[in-house]
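Notes to accompany the following structure.
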Amino acid sequence: MIIATIGLGYVGSTTLGCLAELGHEVIGVDVNRDRAEALAAGAVPVTEPGLNKLVSKHVEQGRIRATTDLIEALRTADCAFVCVGTPSTRGGMLDDSTLRAVVLEIVRARLELDRVVPVFVRSTALPVSHGRILDDITALLDGRQPAAYAVHPEFLREGTAVADFFAPPKIVFGTSDEAALGPCDALYPGINAPILQCGPKEASMLKYADNCFHALKVTFANEIGLSCAAMGVDSREVMEMFCEDTKLNISSKYFRPGFAYGGSCLGKDLAALTAYCRREFVEMPMLANIRNSNEGQIDQLAERVMETNPTSVGLFGLAFKADTDDLRDSALVKLAERLRGKGLEVRAYDPGLDPEHLCAPSLCYLRDTVPQHESLLTTDPEAMVRECDVVVLGRHFPQTDLSAMPWRDGQPLYDLDGTGRLPDTPKVIGLYW
């Protein structure tokens, strides 16, 4: 393939050299003439192990060339990779002005050349940025061409970027249409990695999820290290053992958006550790604020439910997790308490919580936590759905057929379970997340 790479900074230069190594012909494009001329001569404008040698080799072989003329590059290109900068403003907001300008310049060039050249954006930008850019593309094209737009995030670490390119954790294509999807299969011959296809906004948000999680991991390890130091514990040994657990710790567990955590362990242990460190004047702002964030999830859902002006709410689920009758620190119990405090009638169906057969600890917790708890639990989910204005699906119970429930047209349903097993009839307010 012939690929135009627009923007010859760190990501652009690495992408250009590695694409050439895969056998593609690559045309580098940059408004900075000195940078374009230097790359055309085989000199890479960034420091990255192995990249200079790679680029020099393919410049000599004629597989890489560079120019400042975008139209000339697009005249023969099969697709265009956009790798321009998206810096932060003073307030931390994203400056996507260069990205937007370059993409629209490409689209104008496409119209002038009467060629559909799919645009693959490697630059990191928020989903709202891509939404605005796609709106601009649609308006500019006015039906004359498909958008042919793809968000194609990179997962390159400085210092190991060349190795990362050839052994990526995943390859993501967030495409707008079939025209953008067309070149994808031919871009990475010989590279063995999971290929994920989605929409442009989801692809762009994935990059932010990745980087925020990496920042979280570093901060988490450092705060655990601080707490270990305060108690004379070897933090390196602790975290080495922590990483050995690939069933719960280093795994996909707990990574599905849904609702707040609860139960007798997480909140208690988090509180104990942060309280000790607070007493010892050890600052752990991330761990100390987890509880506030968790409680905020409950408050936000309560506010969203109240926006529909209901008089009654039904909850599917009340225990802190599935297949248990443990109500301790349950987020759904807290939600019920908040909604009842706002004057709403709340009913809850949970097959693991038969009011007549609750074990003593659960019954005591319910009595202590929820005033007039006798009216809360129900064993009749159909009656609950029929009689309540709003329903919250805290979790799906396999023995309960949601489609058979007596839903009313326009009845709001908030889904916290996220399994996709929803009835077709009610007005679903969407997955809560």
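Output the residues belonging to the range 78-100 that are outside any loop (DSSP other than H, G, I, E, B), open to solvent by 30 Å² or more (accessible area, probe 1.4 Å) and touching a strand residue (DSSP E or B) at 6+ places or on another chain (Cβ under 7 Å).
The answer is Ser88, Leu94.
Is it the case that some residue within the range 198-208 is over 26 Å from Leu104 (Cβ atoms), among the hydroxyl-bearing types (Ser, Thr, Tyr) and open to solvent by 20 Å² or more (accessible area, probe 1.4 Å)? No.
Could you tell me whether any residue of the range 124-143 is under 20 Å from Thr15 (Cα atoms) and not in a helix (DSSP H, G or I)? It would help to see each step written out before you state the result.
First, pick out the residues of the range 124-143 that are under 20 Å from Thr15 (Cα atoms): 124-125.
Subset that is not in a helix (DSSP H, G or I): 124-125.
Yes - at least one qualifying residue is present in the range 124-143.
Residue check: is Ile27 in contact with a Leu (Cβ under 7 Å, 6 or more places away or on another chain) and crowded, with 22+ Cβ neighbours inside 10 Å?
Details: in contact with a Leu (Cβ under 7 Å, 6 or more places away or on another chain): no; crowded, with 22+ Cβ neighbours inside 10 Å: yes.
No; evaluated as a whole, the condition is false for this residue.
Under the condition of being open to solvent by 20 Å² or more (accessible area, probe 1.4 Å) and over 22 Å from Ala215 (Cβ atoms), the residues counted in the range 148-162 number 1. Among the residues making up the range 159-212, those that are part of a helix (DSSP H, G or I) and aromatic (Phe, Trp, Tyr) are Phe165, Phe166, Tyr208.
Scanning the range 292-311 for residues that are on the phi < 0 side of the Ramachandran plot, over 20 Å from the mean Cα position of the chain (by Cα) and exposed (fewer than 12 other Cβ atoms within 10 Å of the Cβ) yields Asn292, Glu303, Glu307, Thr311.
For the range 224-265, give me each residue that is outside any helix (DSSP H, G or I) and among the small types (Gly, Ala, Ser). Break it down stepwise before answering.
From the range 224-265, those outside any helix (DSSP H, G or I) are 231-234, 245-265; that's our starting set.
Passing the criteria: Gly232, Ser251, Ser252, Gly258, Ala260, Gly262, Gly263, Ser264.
The residue of the range 163-179 that is most open to solvent (accessible area, probe 1.4 Å), among those that are small (Gly, Ala, Ser) and touching a helix residue (DSSP H, G or I) at 6+ places or on another chain (Cβ under 7 Å), is Ser176.
None of Phe281, Phe320 is within 24 Å of Asp417 (Cβ to Cβ) and either within 26 Å of the chain's Cα centre (by Cα) or not acidic (Asp, Glu) (or both) except Phe320.
Annotation: Ile2 fulfils all but one of (1) buried (at least 20 other Cβ atoms within 10 Å of the Cβ); (2) aliphatic (A, V, I, L, M); (3) under 20 Å from Pro189 (Cα atoms); the unmet one is (1).
Here the range 123-147 is the region considered, the condition is being more than 21 Å from Tyr208 (Cβ to Cβ) and among the polar types (S, T, N, Q), and the residue that is nearest to the chain's Cα centre (by Cα) is Thr138.
Given the criteria farther than 30 Å from Leu393 by Cβ, open to solvent by 40 Å² or more (accessible area, probe 1.4 Å) and touching a residue at least 24 places away in the same chain (Cβ under 8 Å), does Phe242 qualify? First the steps, then the outcome.
Working: farther than 30 Å from Leu393 by Cβ: yes; open to solvent by 40 Å² or more (accessible area, probe 1.4 Å): yes; touching a residue at least 24 places away in the same chain (Cβ under 8 Å): no.
No.
Return the residues of the range 246-266 that are buried (at least 16 other Cβ atoms within 10 Å of the Cβ) and closer than 20 Å to Thr219 by Cβ; say none if nothing qualifies.
Result: Tyr261, Leu266.
The values are calculated or read from the model by the stated rules, or taken from the named source; none is laboratory data. Source: prediction; values computed, not measured. Neighbour counts are summed over all protein chains in view; Cβ atoms, including those assigned to glycine, are modelled from backbone coordinates with ideal geometry. For accessibility, only protein heavy atoms count, side chains too; no ligands or nucleic acids. Shrake-Rupley method; radii C 1.70, N 1.55, O 1.52, S 1.80 Å.
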